[in-house]
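Enquirer: Attaching a single structure in structure tokens format; questions to follow.
The values are calculated or read from the model by the stated rules, or taken from the named source; none is laboratory data. Just so it is clear, the structure is predicted and the values come from calculations on it, not from any experiment. Here the Cβ positions follow ideal geometry from the backbone for every residue, glycine too, while neighbour counts run over all protein chains shown. Areas reflect the complete protein model, heavy atoms only, side chains present, ligands, DNA and RNA absent. Shrake-Rupley method; radii C 1.70, N 1.55, O 1.52, S 1.80 Å.
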Amino acid sequence: MGKREIARQRREQQESRKHLSTILVIAAMVIVVVGVVIATQYQPVGAIVTSERVYEVEKNGLSLGSPDAPVKVVEFADFQCPACANYWSTMEPAIIEQYVATGKVQYTYSPFSFLGRGQAWDESKKAAEAAYCANDQGMFWEYHDMIYANHNGENQGAYSKERLFAFADALGLEMGDFKSCLNTGKYTQAVEDANNFASSQGASYTPSFLIDGKIVNANELVQAIEDSLAE
């Protein structure tokens, strides 16, 4: 084999190695991009706690109980509020059993979302928006319970978009409609309006309760209901 032939083969081998290196670099970049896309779309949501609470009372949107009940109670609450989560787990079941189920009280939940202010993803407001989206499918109270069952403090990521989706999925909601509702901000203004309503009624903390035009706290709620029933 002549020197020219040997030189030609070497050049071809070098070009072949360069071509292979280019392919490998491109392939690596594609893998990285695909990985980023997958990671963005499928963020881990962690463990999801489900609620076993069952409602055997009339449900009408954000209200429980008969609209003809003699006493109306409105709860103002922030889904991220630790005191609200504690009220939900300890007192609310008794209020529903003793007063709502017996026809004495109509009970309404009204979001008062302020603990997520300043966050890129406002978990308080977004959780409230998600609950409104669940209400579109007749599942406000079940979703409300999922939110509180998974409470872990303020601005800790418990109500990230992925987890709000996971709550809906765990409840068997139609996910296309639910995701579209949350992604488009269908109820962003409704949540702002609910905040304004709470403030207009004199609410300044959560949970607080509107009964007979007065704001009371959780410790005062039972007595306020009894007083109203006695009138």
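Enquirer: Working only within the stretch 90-121, note down all residues that are assigned to a loop (DSSP other than H, G, I, E, B) and within 23 Å of the chain's Cα centre (by Cα).
Expert: Taking the stretch 90-121 first, the residues assigned to a loop (DSSP other than H, G, I, E, B) are 91, 101-104, 112-121.
Within the stretch 90-121, Met91, Phe112, Ser113, Phe114, Leu115, Gly116, Arg117, Gly118, Gln119, Ala120, Trp121 meet the criteria.
Enquirer: Here is a list of conditions, (1) without any contact (Cβ under 8 Å) to a residue 60 or more places away in the chain; (2) open to solvent by 20 Å² or more (accessible area, probe 1.4 Å); (3) within 18 Å of Ala85 (Cα to Cα), and Glu174 meets all of them except one; can you say which number that is?
Expert: Every condition holds for Glu174 apart from (3).
Enquirer: Ok, one more. Could you look through the stretch 91-121, keep only residues that are free of Cβ contacts under 8 Å to residues at least 24 places away in the same chain and of a type outside the set (Asp, Glu), and pick out the one that is surrounded by the fewest Cβ atoms within 10 Å (Cβ to Cβ)?
Expert: Ala120
Conditions (1) among the β-branched types (Val, Ile, Thr); (2) modelled with pLDDT of 95 or more; (3) under 18 Å from Pro207 (Cβ atoms), marked per residue:
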site	(1), (2), (3)
Glu5	no, no, no
Arg8	no, no, no
Val36	yes, no, no
Tyr42	no, no, no
Asn86	no, yes, yes
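Enquirer: Is there a residue being open to solvent by less than 10 Å² (accessible area, probe 1.4 Å) and aromatic (Phe, Trp, Tyr) anywhere in the stretch 122-138?
Expert: Scanning the stretch 122-138 turns up no residue that is open to solvent by less than 10 Å² (accessible area, probe 1.4 Å) and aromatic (Phe, Trp, Tyr).
Enquirer: Something else about it: Which residues, counting only those in the stretch 54-103, are touching a helix residue (DSSP H, G or I) at 6+ places or on another chain (Cβ under 8 Å) and over 22 Å from Asn135 (Cβ atoms)?
Expert: If the condition is that a residue be touching a helix residue (DSSP H, G or I) at 6+ places or on another chain (Cβ under 8 Å) and over 22 Å from Asn135 (Cβ atoms), then Pro70, Val71, Ala83, Met91, Tyr99 are the ones that fit.
Enquirer: For Tyr143, indicate whether it is assigned to a strand (DSSP E or B) and open to solvent by less than 30 Å² (accessible area, probe 1.4 Å).
Expert: no
Here's the yes/no breakdown for (1) at pLDDT below 95; (2) within 9 Å of the chain's Cα centre (by Cα); (3) of a type in the set (S, T, N, Q):
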position: Ala134; (1), (2), (3): no, no, no
position: His144; (1), (2), (3): no, yes, no
position: Ile147; (1), (2), (3): no, yes, no
position: Asn155; (1), (2), (3): no, no, yes
position: Ser160; (1), (2), (3): no, yes, yes
position: Ala170; (1), (2), (3): no, no, no
position: Leu173; (1), (2), (3): no, no, no
position: Asn183; (1), (2), (3): no, no, yes
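Enquirer: Within the stretch 55-84, how many residues turn out to be at pLDDT 95 or above and open to solvent by 60 Å² or more (accessible area, probe 1.4 Å)?
Expert: 8
Enquirer: Listed residues Ser228, Ser204, Ser160; which is closer than 20 Å to Pro82 by Cβ and either charged (D, E, K, R) or touching a residue at least 40 places away in the same chain (Cβ under 8 Å) (or both)?
Expert: Ser160
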